[in-house]
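Only one structure is covered here, and it is reproduced in the block below.
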Amino acid sequence: MRHLLTVLALLGFVQAGAAATFPVKITVEDASGAVIKDELVIVQDLDNREREVLRTLSDQDGNVPRLQLSPGLYRVIATAPYGIWQTSVREFLVGQRSAEVIVRVQGMGTHGNGDIVTAGITRTQLQVIGPDGRPASGAGILVRNRDATLNLERRYQADGKGTATIELVSNPTVVVVVYGDVLLTTELGPHDLNPTIRLEKR
C-alpha cells in the first residue's frame, strides 16, 4: 500500500511539473505607444509545429485575454488585412516568470512595403556569442521574412564554435536567436557578410 501511495505521489509531482504554466499579457500599440483596438492577434507555439494558441481581436485597451503558457518559444502576429496598420511579427520566450509582450504596429503607407525576396539562394556564416563572451554552442536560430511567410522560414542550430551557415530568405531577413533564457531579434541584409550577434542578459 505504501509503495502504491509513493508511486501515485510521484505521478502527481511529474504531472504538476509538466503542467507548469506562466501568465502572459499581450498589448498592441502604435509607434507612439497608443493602444490599438480591433487588431487581429494570433499567437503560435513555435516549439510545437507553430500550433495556434490564440486568435482574437484586441480590446479597447489594446489587450487580448491573458494566456497561461508553458515555457518555450512563441510568436505573436498582429495584423489588420484591410486596415491601416502593417502586419507586425514578434517572437517571445516564456520562462520561469510572467511575461508582458508589447506588439508595436506601423501605419500602412500608400505604397506596399513588403519584403523583397532575393533571387537565388544567398547564404552567410553567422557567429553567435553568448552573454559570457564565449561562442553560443547549440544556440537556436530562426530565420524568416518580416511577414513570417511559412515557406521562407528556416531553423538552424549553432555548432560547437557558435557558428551556423544560414540562408538569407529576403531583404531584409529577420534572425531570431534563442540561447538559454536569452532571445534576440535582428535583421540582416545581403551586405552583412559573416555577421556576429552578441547576446546580452536583460
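The values are calculated or read from the model by the stated rules, or taken from the named source; none is laboratory data. In this text the structure is predicted, and so the values were computed from the model without any measurement. Cβ atoms come from the backbone with ideal geometry, glycine included; neighbour counts cover every protein chain shown. Surface accessibility is based on the protein's heavy atoms, side chains included, excluding ligands, DNA and RNA. Shrake-Rupley method; radii C 1.70, N 1.55, O 1.52, S 1.80 Å.
Let me confirm something: among Gly120, Gly109, Gly160, which residue is assigned to a loop (DSSP other than H, G, I, E, B), at pLDDT 95 or above and surrounded by fewer than 10 Cβ atoms within 10 Å (Cβ to Cβ)?
Exactly one residue qualifies, and that residue is Gly160.
Considering only residues of the stretch 56-84 that are part of a loop (DSSP other than H, G, I, E, B) and polar (S, T, N, Q), which is least open to solvent (accessible area, probe 1.4 Å)?
Filtering first and then ranking leaves Ser58.
Among the numbered conditions (1) open to solvent by 20 Å² or more (accessible area, probe 1.4 Å); (2) modelled with pLDDT of 95 or more, tell me where Ile26 comes up short.
Every listed condition holds for Ile26 apart from (1).
Could you please give the count of residues in the stretch 127-136 that are out of contact with any Asp or Glu (no Cβ under 7 Å at 6 or more places or on another chain), in a loop (DSSP other than H, G, I, E, B) and open to solvent by 10 Å² or more (accessible area, probe 1.4 Å)?
Selection size over the stretch 127-136: 3.
Which one of these is modelled with pLDDT of 95 or more and not hydroxyl-bearing (Ser, Thr, Tyr): Gln15, Gln44?
Among Gln15, Gln44, only Gln44 is modelled with pLDDT of 95 or more and not hydroxyl-bearing (Ser, Thr, Tyr).
Restricting the search to the stretch 178-198, which residues are part of a loop (DSSP other than H, G, I, E, B) and buried (at least 20 other Cβ atoms within 10 Å of the Cβ)?
If the condition is that a residue be part of a loop (DSSP other than H, G, I, E, B) and buried (at least 20 other Cβ atoms within 10 Å of the Cβ), then no residue fits.
So, in the stretch 37-55, how many residues would count as being assigned to a strand (DSSP E or B) and surrounded by 14 or more Cβ atoms within 10 Å (Cβ to Cβ)?
Residues in the stretch 37-55 being assigned to a strand (DSSP E or B) and surrounded by 14 or more Cβ atoms within 10 Å (Cβ to Cβ): 8 in total.
For Val175, all conditions in the list (1) surrounded by fewer than 16 Cβ atoms within 10 Å (Cβ to Cβ); (2) outside any loop (DSSP other than H, G, I, E, B) hold save one; what is the number of the exception?
That leaves (1) as the condition not met.
Considering only the stretch 126-151, state which residues are at negative phi and aliphatic (A, V, I, L, M).
Selection gives Leu126, Val128, Ile129, Ala136, Ala139, Ile141, Leu142, Val143, Leu150.
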